[in-house]
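First up is the structure itself, then whatever we jot down about it.
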Amino acid sequence: MIERLRDQWRTFIALGVERERLVVAVALTWCAFQFWVASPLPLMTGWLVFGDGRVRSLHLAFALLLAYVCFPGRRGASPPERLSPLGLAVAFLAAFAAAQLFLFNRAIHAIPGDPAWWFVVVAVCGIAMLLEATRRVLGLPMVLLALAMLAYLFFGAFAPDLIAHKGASLNRAMGHLWLSTEGVFGVALAVSAGFIFLFVVFGSLLDAAGAGTYFVRSALSLAGHARGGPAKAAVGVSAATGLVSGSSITNIVTSGPLTIPLIKRVGYPPEKAAAIEVASSVNGQVMPPVMGAAAFLMVEYVGIPYLDVLRHALNSALISYLGLLYIVHLEAVKAGFRGLPHEPGHGWHSTARRLVAGVLAAALVVALLVALSSAVAALLPEHSPWAMTGFLVIAYLVTLRIASRHVLSPEELDAPVLRAPPIGPTLKSGLHFLLPVGLLVWLLVVERVSPGRAAFWAVLFLIVVVLTQRPLLALFGRRGSEIGAAFRQGIGELRAGLIVGARNMVVVAVATATAGIIVGTVTLSGVGLVMTEVVETLSRGNVLLMLVMVAMICLVIGVGLPTTANYIVVSTLMAPVIVAVGAQNGLAVPLIAAHLFVFYFGLLADILPPVGLASYAAASIAGANPIRTGVVAFRYMMRMALVPFMFVFNPQLLLIGVHGIGHTLITLTSATLAGLVFITVNQNWFLTRNLWWERLLLLLATIMLFHPGLFMDRIKAPYALLSGEPAMQAIVEAAPGTPLRAVFEGTLLGGREVERTVLFTLGEDAASAKLRLNELGLSMSEGDDDRLHVDLVRPRSQAARLDIEPGFELVAVKVPSGRAPKEWIFVPAVMLIGWIAWRQRQRRGEGTTVAQPG
């Protein structure tokens with residue numbers, strides 16, 4: 001009897017579908033759908049034009065289908081070769097539940113707020129199956145967080161009085177979370193469907209084309225022979241892949257298998273080798289233009305242009321990568337490590353000359369392209385896209401012709417790297433890989449095309465590169481007989497890149513969808529206001545203590561979450577807290593500063609033991625202890641725990657209120673120097689080992705460089721308070737783009753009177769203060785007391801994001817007091833650093849300090 005049941009079960013299983021074929025079909029179909037909606041073809045032809053809600057719905061349907069097909073129910077188990085009919089039915093049921101908005105969009109919205117019972121049933125099934133997919137893909141932490149928020153949504157009436165609310169009915173909750181674009185199908189999933197998918201596919205296609213290996217070998221050729229060269233190369237590789245990578249884990253598993261063994265080979269212990277890879281890969285998440293997909297989310301959440309997000313993040317990226325390079329160098333100096341052997345004549349002097357020459361040549365090429373594109377746009381405005389396409393094709397053929405003379409065979413690429421590769425041939429062997437990346441950055445920064453459309457054209461060009469590079473290399477190498485095989489290899493690489501990109505997107509799509517449950521719960525229950533009150537009560541109005549509490553909460557919430565979901569959750573819960581509590585205590589915190597604050601501490605959760613996913617991934621490659629790896633990596637990232645606090649207290653570090661090239665250079669230079677000096681404190685090494693009082697003085701210099709206003713404010717207040725007519729005149733006369741610190745008074749719903757100081761960015765000139773404030777989202781009228789009263793706040797405007805409410809009054813504005821620039825504090829700070837450097841140089845010359853490893 002038992003044998004017969006086993007035979008029937010085997011027969012039932014045999015009726016299933018081969019898993020790999022289904023994965024290929026679904027992944028390629030998903031890619032085709034995303035390319036179609038991102039292209040201009042739907043609007044040009046009028047065919048298959050989908051609304052935003054329907055695109056998000058189908059996007060999640062594809063993701064859930066792949067999640068159930070690719071990820072087995074038991075964590076750590078291998079997926080079966082064939083899917084049983086039951087497993088297939090569950091996968092398609094999950095996809096159907098997600099596709100509800102796509103299939104029944106009109107019926108769902110026919111009776112808003114009162115969905116039919118069968119839609120509610122499907123919504124409940126959809127959320128349950130989404131959470132199961134999240135468990136399979138991301139593990140339990142995010143599922144438990146989502147379940148806790150759902151429990152709070154339904155049973156809020158039984159919560160402690162401080163956070164209690166009346167709760168929500170099943171119909172209302174499902175209508176908000178699943179049957180609208182406020183919860184699961186909200187802004188986060190919209191960004192995943194509109195932008196992130198194309199960037200992830202772009203990165204996977206680059207890797208499939210061989211760009212990953214090219215970046216690694218190029219970094220080793222430039223820095224491999226220096227002290228700790230492979231570690232410095234790992235930092236450079238992460239900076240390059242961070243341009244388009246959406247995940248620190250992906251970065252680690254892509255470049256780590258090559259860089260970590262090389263780092264260990266020059267003498268670094270396994271934990272330090274893994275920690276360097278972890279720190280450099282997590283740094284990639286703050287690297288413009290993608291920032292682990294957070295850049296696109298910040299555009300939606302903060303309400304500022306994409307280029308402004310990149311500008312604000314530039315300084316932190318500079319501090320991150322230069323600081324990590326300095327850490328690697330100090331570790332090598334302390335332990336006496338050397339780099340990889342190199343060919344004669346390829347020392348650091350030669351490298352520096354070639355690098356400077358290369359940078360100058362690249363700058364010249366960029367300048368020529370800018371001038372050329374401007375001339376073509378002026379002379380041939382209607383044909384400029386075709387002309388630039390022609391230039392791009394010519395550049396591709398020329399760089400590929402150069403690469404054909406230096407391309408390595410597969411055997412040479414797979415061979416262990418024992419020497420630093422030669423610089424010239426290595427850099428020339430993949431110049432054509434830089435063109436798609438350059439096109440992407442060009443369209444984003446120079447042409448200012450939307451991120452989705454820019455990524456579409458970059459992916460389209462990269463597809464051409466993947467398909468044609470190997471046939472053209474065979475043609476240029478006079479191997480005509482290999483062209484057919486090379487073209488078939490290109491098709492295989494394209495297919496593999498698209499499939500890998502789609503599979504990688506499952507993690508992002510599922511994470512953003514589950515994060516939508518948390519966001520929807522916050523908006524429906526009003527827990528965001530409760531969080532503000534709780535933190536304000538516990539911090540007793542102390543802004544620094546409030547920031548420490550928010551940082552700790554972000555570290556706890558971010559444990560076990562991928563970058564994208566991490567940012568969505570912490571920014572929804574905690575970013576408004578920073579702005580609100582700061583405003584109520586006289587500190588005008590820019591919204592972008594609050595979002596970057598929680599983003600950075602959410603990233604640090606990816607490192608911290610015992611659940612730091614990035615630390616576990618790198619430690620498994622290095623054969624190191626993951627706990628110790630996480631501790632060392634967090635020490636390497638300590639400057640990134642200090643910098644967010646400085647963002648809040650000194651928004652100038654985000655280039656807010658910075659005007660002119662000179663002011664920008666001073667800000668960037670001082671911030672970078674501050675980051676490097678803090679590293680000398682953290683590593684206890686400058687030119688030699690620091691004495692205890694030298695560490696204290698260097699820490700003082702760090703604070704002087706990061707926050708000069710802390711010292712200058714003691715001499716004279718930075719702002720003067722204006723009210724009445726002088727305040728209105730100041731608003732009218734302020735230049736466009738000027739930060740405006742405005743003081744509002746009002747009464748909250750609970751009857752509590754508050755005073756809030758907020759920071760606006762003024763738009764274009766206007767004839768009156770009321771008109772200029774209207775551009776910020778405020779409809780105002782004059783009261784009997786000659787104050788401006790807020791009558792209406794426009795949704796999703798600057799004012800709405802800063803929690804200005806109808807009924808508030810504009811009491812005063814703060815304008816610069818005319819004191820001496822706070823940058824004068826940099827002078828004594830630099831002199832202090834120079835004096836300590838002079839003393840340590842003397843002490844090192846006397847040989848009084850012996851370097852100790854570690």
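Does Leu462 meet the test of being assigned to a helix (DSSP H, G or I) and modelled with pLDDT of 80 or more? Here the answer is yes, as Leu462 does meet what is asked. For region 500-559, how many residues are farther than 26 Å from Ser192 by Cα and touching a His at 6+ places or on another chain (Cβ under 9 Å)? The number of residues fulfilling the criteria is 1. Comparison of Ala565, Ala551, Ala580, Ala515 shows that the only residue that is closer than 13 Å to Phe601 by Cα, in contact with a helix residue (DSSP H, G or I) (Cβ under 6 Å, 6 or more places away or on another chain) and not assigned by TED's automatic domain parsing to the domain that holds Ile463 is Ala551.
Annotation: of all residues in region 816-852 being over 40 Å from the mean Cα position of the chain (by Cα) and among the β-branched types (Val, Ile, Thr), the one that is modelled with the highest pLDDT is Thr848.
Restricting attention to region 125-148, the residues that are aliphatic (A, V, I, L, M) and at pLDDT below 90 add up to 9.
Would you say Phe476 is closer than 15 Å to Ser39 by Cβ and out of contact with any strand residue (DSSP E or B) (no Cβ under 7 Å at 6 or more places or on another chain)? When the stated conditions are applied, Phe476 does not pass them.
When the criteria are applied in full, Leu655 fails the requirement of being surrounded by fewer than 24 Cβ atoms within 10 Å (Cβ to Cβ), within 19 Å of the chain's Cα centre (by Cα) and either closer than 27 Å to Val137 by Cβ or free of Cβ contacts under 8 Å to residues at least 12 places away in the same chain (or both). Considering only region 465-486, state which residues are touching a residue at least 24 places away in the same chain (Cβ under 8 Å) and either in a helix (DSSP H, G or I) or outside the structural domain of Ala496 (by TED's automatic domain parsing) (or both). Val465, Val466, Leu467, Gln469, Leu472, Leu473, Phe476 - these are the residues of region 465-486 that are touching a residue at least 24 places away in the same chain (Cβ under 8 Å) and either in a helix (DSSP H, G or I) or outside the structural domain of Ala496 (by TED's automatic domain parsing) (or both).
When the criteria are applied in full, Ala193 meets the requirement of being outside the structural domain of Val534 (by TED's automatic domain parsing) and either part of a loop (DSSP other than H, G, I, E, B) or buried (at least 20 other Cβ atoms within 10 Å of the Cβ) (or both).
Out of Val201, Val253, Val184, one residue alone is closer than 30 Å to Thr29 by Cβ and within 17 Å of the chain's Cα centre (by Cα). It is Val201. Filtering region 148-169 to residues that are within 16 Å of Thr523 (Cα to Cα) and either surrounded by 19 or more Cβ atoms within 10 Å (Cβ to Cβ) or not small (Gly, Ala, Ser) (or both) leaves Met149, Leu150, Tyr152, Leu153, Phe154, Phe155, Gly156, Ile163, His165, Lys166, Ala168.
Filtered by the rule that a residue be of a type in the set (A, V, I, L, M) and without any contact (Cβ under 8 Å) to a residue 60 or more places away in the chain, region 564-603 gives Val570, Leu573, Met574, Val577, Val581, Ala594, Val598. Restricted to helices (runs of 4 or more DSSP H) entirely inside region 224-292, those with at least 3 residues that are modelled with pLDDT under 75 and not small (Gly, Ala, Ser) are 248-265. Against the conditions (1) at pLDDT 85 or above; (2) in contact with a helix residue (DSSP H, G or I) (Cβ under 9 Å, 6 or more places away or on another chain), Glu755 satisfies every one except (1).
Scanning region 507-552 for residues that are among the hydroxyl-bearing types (Ser, Thr, Tyr) and in contact with an Asp or Glu (Cβ under 7 Å, 6 or more places away or on another chain) returns a single hit, Thr523.
Of all the numbered requirements in (1) in contact (Cβ under 8 Å) with a residue 24 or more places away in the chain; (2) in a helix (DSSP H, G or I); (3) among the hydrophobic types (A, V, I, L, M, F, W, C), Leu699 misses one, and that requirement is (1).
Note on region 308-337: residues that are over 14 Å from the mean Cα position of the chain (by Cα) and part of a helix (DSSP H, G or I) amount to 19. Candidates in region 406-445 are the residues that are of a type in the set (Gly, Ala, Ser) and at pLDDT below 75; of these, the one that is surrounded by the most Cβ atoms within 10 Å (Cβ to Cβ) is Ala420. Filtered by the rule that a residue be over 15 Å from Gly430 (Cβ atoms) and crowded, with 17+ Cβ neighbours inside 10 Å, region 469-488 gives Pro471, Ala474, Leu475, Ala486.
Checked against the criteria, Leu140 does not count as closer than 23 Å to Leu66 by Cα and in the same structural domain as Ala454 (by TED's automatic domain parsing).
The values are calculated or read from the model by the stated rules, or taken from the named source; none is laboratory data. Every value quoted in this text rests on a predicted model; they were computed, and no experiment measured them. Counting neighbours? That spans all protein chains shown, and the Cβs are built from the backbone with ideal geometry, glycine included.
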